[in-house]
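**Student:** The following block contains the structure, expressed as structure tokens.
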Amino acid sequence: MKKILAVLFVMVAFVFSGCGTGKNDAQKNEVYVYTWGDYINPATLEMFEKETGIHVVLDTFDTNESMYPRVSEGAVHYDVICPSDYMIQKMIDNDLLQPLDFNKLPEAKKNIGEHFFKQSKSFDPENKYSVPYAWGVVGIMYNTKKVTDPVDSWNILWNEKYKDRILMQDSPRDAFMIPLKIMGRSLNETDKAQLDLAKEMLVKQKPLVQAYVIDEVKDKMISGEADLGVIYSGEALLLTLANPDLQFAIPKEGTNFWIDSWVITKDSENLDNAHKFINFMCRPDIAVMNFEELGYPTPNTAVRDLLTNEDYKNSPVAFPDPSTYENQETYKYLGNEMDSYYNRLWMQVKVD
Amino acid sequence: MFRSIKMRNLFLAPFCVWAGIFIFVPLVCIIYYGLTDMSGNFTFDNLAIISHREYYSSLQLSIILALVTTIVCLLLAYPLCLILVDKAKSVGTIIILLFVLPLWMNTLLSTMAWQTIFERDGILNQVLRLLSLPDMTLINTPTAVVIGMIYNYLPYMVLPLYVALSKIDKSIFEAARDLGANSWQTFSKVTLPLSLPGAISGITMVFIPSLTTFAISALLGGSKLLLIGNVIEQEFTVEYDWHLGSALSIILMIFIIINMVITLVFDKSTKEDEN
């Protein structure tokens, strides 16, 4: 049955793709890159093509979860992918990645901060599979004109005073991370009793929450519709520049330190090109161009000195004091069963 | 209409291909995924998930909101259409056109516009403040979602109703009057039964999209309300559990089929009455 369906799918896909992708000969000098939308400055890709003669075929995804099945089912043979921490671990566990040859990645060895490799060990224990490309933490963005209390703890998101002015992230892991941290637990908690307690806290918080959001947090914070919002530090840099009343704080209980890293797939057909591409992305001049386009903090230690924009250069959000990200945890892949448990609890929060 | 069967089949072919690829194949896929587990074995477990509270509450909420939307649409559209059929044809058509205008704009865009109206510092509250009235918190409530659905789906109720009402021969009313019916009797014995087919297709066309919506509830509900459409979307895009998502779609289809059966039964009984 599955085969018949697959054949039907392929037929349908073939009919509607204009039958044009069939002539893919292995001789072509190409590299297939699969990454987040708006994650690479297009100018750097042109430079890469000019310098190496390797044609970059770029595809984008908007969640790790939508990327995974496309790679695992082998729909397209990507060479280089840029997933997040826990997803890299899942891909390693499921034998979808291959170890990198660091001799071919001199720029990565030279420029990527030691600390980021150390932090990567939580999902790539031997630093064999991944090269960090972007990183960040989750924190609270707040409007200094409206929020009078000091913002240094996640507890402020349970303060009745700010009813209907709080934005939470609409994703199970990010939502549960907060009560877990208040309880002093790990954000990779797998004890169901503790998770149930965390759920109770989220249910209690729900009447105070204006909305559970993902991207909308940016607009709502800039326009002043909400006064407190849980946000990724990468967005925070651009927001603080757009609205000077906004400030970013990393709560003292700890938070999620996320890393997106370059990896190479197990079935990569352009291994050499893939290494060249990753190495190129680690070059300081390229990293600067990407940083300026993206605004996400970069693990590339050479970037800060090359920046000309003073706002960026002096931003504590983009280049925080190293102490802010010491002892922070990174998400781990908790297995399918635990994933669905988180999802189920999150749904219960929503229907309660 | 077409003289030879060959000719008829030729004209039927494009539709058959279309229906095959875009209706039949997806249906088979949904049923296949809904009734199998990860390893491809036949199972009813996916369907049983609806017995869990978080799933049936979302279905329940969807049904309630869809019913409210449908009833309000019917109550708004019926009197409007009754008035319009009495107007000169040209006037009626223009007013109907105005009611259908929202359809010219993308649903997502118009729903986003509602968002800016309902927001905490939105247009509605600014007007209320200007009149020294207290603020209303509508955004991210069931009311906001229902208003958004009514706005988007009202034209689907108005159009079939207007067509059904305007098709009724005026002389029938005159005959009813002639035979001594007062205006209430004319309405309940003549107008209402004759307009029922229009009302029924309007109800179906409003109820089904209201039941399955996920965009309107996401935008105006702030993801604080979980409708069955949102759950299905999440199963496919976040959890990547196609089996569960398909099973929930099957359950949703069952409710749609129930709705269609009820309306068909109604439709049939009115036709029999006419005979």
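**Student:** Do we have A:MET221 as part of a strand (DSSP E or B) and within 17 Å of B:SER223 (Cβ to Cβ) here?
**Tutor:** no
**Student:** So, one more: What about B:ALA19, is it within 14 Å of another protein chain (Cβ to nearest Cβ) and out of contact with any His (no Cβ under 8 Å at 6 or more places or on another chain)?
**Tutor:** Details: within 14 Å of another protein chain (Cβ to nearest Cβ): yes; out of contact with any His (no Cβ under 8 Å at 6 or more places or on another chain): yes.
In short, yes.
**Student:** Another question, then. Scanning region B:40-65 for residues that are facing chain A (nearest Cβ under 10 Å) and free of Cβ contacts under 8 Å to residues at least 60 places away in the same chain, which turns out nearest to B:ALA144 (Cα to Cα)?
**Tutor:** Result: B:GLN60.
**Student:** On to the next question. Failed condition for B:ILE257, given (1) closer than 19 Å to B:LEU67 by Cα; (2) surrounded by 15 or more Cβ atoms within 10 Å (Cβ to Cβ); (3) at pLDDT 90 or above, with all others met?
**Tutor:** (2)
**Student:** Related question: Please work out if A:ASN300 is crowded, with 17+ Cβ neighbours inside 10 Å and more than 14 Å from chain B (Cβ to nearest Cβ).
**Tutor:** So A:ASN300 passes the test.
**Student:** Please name all residue pairs, on different chains or six or more residues apart, with Cβ atoms under 7 Å, provided the first residue is in region A:225-254 and is in the same structural domain as A:ASP170 (by TED's automatic domain parsing) and assigned to a strand (DSSP E or B) and the second residue is surrounded by fewer than 17 Cβ atoms within 10 Å (Cβ to Cβ) and acidic (Asp, Glu).
**Tutor:** A:ALA249/A:ASP152
**Student:** Check A:ASP164, A:ASP95, A:ASP101 and return the single one that is surrounded by fewer than 22 Cβ atoms within 10 Å (Cβ to Cβ), more than 19 Å from the chain's Cα centre (by Cα) and on the phi < 0 side of the Ramachandran plot. Full working, then the answer.
**Tutor:** Values: A:ASP164 fails: on the phi < 0 side of the Ramachandran plot; A:ASP95 fails: on the phi < 0 side of the Ramachandran plot.
Only one candidate passes the filter, namely A:ASP101.
**Student:** Do you know which of the residues in region A:321-352 that are away from every other protein chain (no Cβ under 12 Å), surrounded by fewer than 19 Cβ atoms within 10 Å (Cβ to Cβ) and in contact (Cβ under 8 Å) with a residue 24 or more places away in the chain is farthest from B:ILE50 (Cα to Cα)?
**Tutor:** A:PRO322
**Student:** Let me ask something additional. Need at least 1 residues that are farther than 24 Å from B:THR107 by Cα and within 14 Å of chain A (Cβ to nearest Cβ) per element, so show me which helices (runs of 4 or more DSSP H) inside region B:184-275 make the cut, counting only ones lying wholly within it.
**Tutor:** Values: elements: B:192-212, B:215-221, B:228-237, B:242-274.
It comes to B:242-274.
**Student:** So in region B:140-166, with the set limited to residues that are assigned to a helix (DSSP H, G or I) and of a type in the set (S, T, N, Q), which one is surrounded by the fewest Cβ atoms within 10 Å (Cβ to Cβ)?
**Tutor:** Result: B:THR143.
**Student:** Can A:ASN155 be described as more than 24 Å from B:THR137 (Cα to Cα), away from chain B (no Cβ under 14 Å) and not aromatic (Phe, Trp, Tyr)? Even if it seems obvious, please write down each step before you answer.
**Tutor:** Numbers: more than 24 Å from B:THR137 (Cα to Cα): yes; away from chain B (no Cβ under 14 Å): yes; not aromatic (Phe, Trp, Tyr): yes.
Here the answer is yes, as A:ASN155 does meet what is asked.
**Student:** Quick check on my filter: what residues within region A:194-207 are more than 9 Å from chain B (Cβ to nearest Cβ), in contact (Cβ under 8 Å) with a residue 12 or more places away in the chain and either part of a loop (DSSP other than H, G, I, E, B) or farther than 21 Å from A:ILE250 by Cβ (or both)? Break it down into steps so the answer makes sense when it comes.
**Tutor:** First pass over region A:194-207, keeping only residues more than 9 Å from chain B (Cβ to nearest Cβ): A:194-205, A:207.
From the residues that got through so far, the ones that are in contact (Cβ under 8 Å) with a residue 12 or more places away in the chain too are A:194-199, A:201-205, A:207.
Selection gives A:GLN194, A:LEU195, A:ASP196, A:LEU197, A:LYS199, A:VAL203, A:LYS204, A:PRO207.
**Student:** Which residue, of B:LEU248, B:LEU225, B:LEU244, is closer than 30 Å to A:PRO207 by Cβ, crowded, with 21+ Cβ neighbours inside 10 Å and in contact with a Ser or Thr (Cβ under 7 Å, 6 or more places away or on another chain)?
**Tutor:** On the way: B:LEU248 fails: in contact with a Ser or Thr (Cβ under 7 Å, 6 or more places away or on another chain); B:LEU244 fails: in contact with a Ser or Thr (Cβ under 7 Å, 6 or more places away or on another chain).
When all the criteria are applied, what remains is B:LEU225.
**Student:** Okay, next question. I need a count of the residues in region B:26-49 that are assigned to a helix (DSSP H, G or I) and crowded, with 16+ Cβ neighbours inside 10 Å. Give the derivation first.
**Tutor:** Keep residues of region B:26-49 that are assigned to a helix (DSSP H, G or I), which gives B:26-34, B:45-49.
Those left that are additionally crowded, with 16+ Cβ neighbours inside 10 Å: B:30, B:32-34, B:46-47, B:49.
Matching residues across region B:26-49 total 7.
**Student:** Exactly one of (1) modelled with pLDDT under 95; (2) under 30 Å from A:PHE117 (Cβ atoms); (3) surrounded by fewer than 23 Cβ atoms within 10 Å (Cβ to Cβ) is unmet by A:GLY136. Its number?
**Tutor:** (3)
**Student:** Hey, another quick one. What single numbered condition from (1) on the phi > 0 side of the Ramachandran plot; (2) at pLDDT 90 or above fails to hold for B:TYR240?
**Tutor:** It fails just one condition, (2).
**Student:** Also: Counting residues that are assigned by TED's automatic domain parsing to the domain that holds A:THR265, touching a residue at least 40 places away in the same chain (Cβ under 8 Å) and closer than 27 Å to A:TYR325 by Cα, which helices (runs of 4 or more DSSP H) fully inside region A:35-127 reach at least 2? Working first, answer last.
**Tutor:** On the way: elements: A:42-52, A:64-72, A:85-93, A:106-111, A:114-120.
In region A:35-127, A:85-93, A:106-111, A:114-120 are the helices (runs of 4 or more DSSP H) which contain 2 or more residues that are assigned by TED's automatic domain parsing to the domain that holds A:THR265, touching a residue at least 40 places away in the same chain (Cβ under 8 Å) and closer than 27 Å to A:TYR325 by Cα.
For (1) in contact with a strand residue (DSSP E or B) (Cβ under 7 Å, 6 or more places away or on another chain); (2) within 14 Å of chain B (Cβ to nearest Cβ), each residue gets a yes or a no:
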{"residue": "A:LYS220", "(1), (2)": "yes, yes"}
{"residue": "A:GLY229", "(1), (2)": "yes, yes"}
{"residue": "A:GLU235", "(1), (2)": "no, no"}
{"residue": "A:LEU246", "(1), (2)": "yes, no"}
{"residue": "A:ILE250", "(1), (2)": "yes, no"}
{"residue": "A:GLU253", "(1), (2)": "no, no"}
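**Student:** Quick one: A:GLU293 ticks every box in (1) in contact with a Ser or Thr (Cβ under 7 Å, 6 or more places away or on another chain); (2) more than 14 Å from chain B (Cβ to nearest Cβ); (3) in a helix (DSSP H, G or I) bar one, so which box is it?
**Tutor:** Looking at each condition in turn, A:GLU293 falls short on (1).
**Student:** Another question, if that's okay. Mind checking which residues of region B:83-104 are over 30 Å from B:SER171 (Cα atoms) and either surrounded by 12 or more Cβ atoms within 10 Å (Cβ to Cβ) or in contact with a His (Cβ under 7 Å, 6 or more places away or on another chain) (or both)?
**Tutor:** Across region B:83-104, the qualifying residues are B:PRO102, B:LEU103.
**Student:** Okay, moving on. Looking only at region B:221-244, decide whether some residue is hydroxyl-bearing (Ser, Thr, Tyr) and under 19 Å from the mean Cα position of the chain (by Cα). Don't jump to the end; show me each part of the working.
**Tutor:** Step one: list which residues in region B:221-244 are hydroxyl-bearing (Ser, Thr, Tyr), which gives B:223, B:237, B:240.
Applying the additional criterion that residues be under 19 Å from the mean Cα position of the chain (by Cα) yields none.
Taking every residue of region B:221-244 in turn, none turns out to be hydroxyl-bearing (Ser, Thr, Tyr) and under 19 Å from the mean Cα position of the chain (by Cα).
**Student:** Now for a separate question. Residues being within 14 Å of A:THR35 (Cα to Cα), aliphatic (A, V, I, L, M) and out of contact with any helix residue (DSSP H, G or I) (no Cβ under 6 Å at 6 or more places or on another chain): count how many of those fall in region A:61-101.
**Tutor:** 5
The values are calculated or read from the model by the stated rules, or taken from the named source; none is laboratory data. Bear in mind that the values here come from a model prediction, so they are computed numbers and not experimental data. Positions of Cβ are backbone-derived with ideal geometry, glycine not excepted, and every protein chain shown enters the neighbour counts.
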